Amino acid sequence: MYIKTMKIKRPGVLLGAIIAVAAAVGILLWVHGLRSGRTSYEGLDSESGRQSFLKEMGREVPPQFDSCKTVVIPEEWTDVYDSYNELQKEQGFDLSLYKGRQVDLYTYRVLNYPGHEEDSSFADGPESGGPVYCDLLICSGALIGGQVYSTALDGFMEGLKA
């Protein structure tokens, strides 16, 4: 049987630990950057920024939002919120990262949704398919989620891009 012993000097161990921690932090930052970089829409804390983004998505909206309110992403989710987050994940967002946080919810009426162009007035008669809206969830000026939807009885909900 052959045994080899080595004497490790303290500065070498300390330097190795520092390098290992720095590498781990670097990898975590890189992975987080990849995850959040997929849909990095920032600068949406201004109306002009949101208007530019919606135009880029192919949505025509009025020059001002219909409503803005502060909402809290719940800590505990039901099946409804899980399925809602699936829609967000399909677009590259993940609301689970924002559980318990306050976010701004901007709502716009969509004026150019196919088949609903006539619904841009506020009259919703029985022959109307109903208005179509777009919601943007903004946290610290960055888009974290959103959807386009109809409030009609046979309505729909889909991603932001036209």
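Based only on other Cβ atoms within 10 Å, what is the fewest-to-most ordering of K7, K161? Don't skip to the answer; put the middle values down first.
Values: K7 4, K161 10.
By the 10 Å Cβ count, ascending: K7, K161.
Could you tell me how many cubic angstrom of Cα convex hull volume the range 47-158 has per residue? Intermediate values should be presented prior to the final figure.
Numbers: hull volume 12.3 nm³, N = 112.
Dividing the Cα hull volume of the range 47-158 by its residue count gives 109 Å³.
Taking the beta-carbon count within 10 Å as an exposure proxy, list M1, M57 from fewest neighbours to most.
By the 10 Å Cβ count, ascending, the order reads M1, M57.
Non-local amide H neighbours of G146 (under 5 Å, H modeled in plane, Pro and chain starts lacking H): which ones?
L137
Each label point is 7 Å from the Cα along the Cα-to-Cβ direction; what then is the distance between the points at K4 and S48, in nm?
Rounded to a tenth, the inter-label distance reads 6.7 nm.
So which lysines can K99 reach, going by Cα to Cα under 16 Å and dropping same-chain residues fewer than 8 places off?
K89
Could you put D45, D154 in order, starting from the residue whose Cβ has the fewest other Cβ atoms within 10 Å?
D154, D45
Modelling each spin label as a point 7 Å along the Cα-to-Cβ direction, I'd like the S96/T151 distance in nm, to one decimal.
3.2
Just so you know, all these numbers are worked out from the coordinates, no wet-lab data involved. The shown structure was predicted, so the numbers you read here are calculated from the model rather than taken from an experiment. A quick note on method: Cβ atoms are made from the backbone with ideal geometry, for glycine too, and the neighbour counts reach across all protein chains shown.
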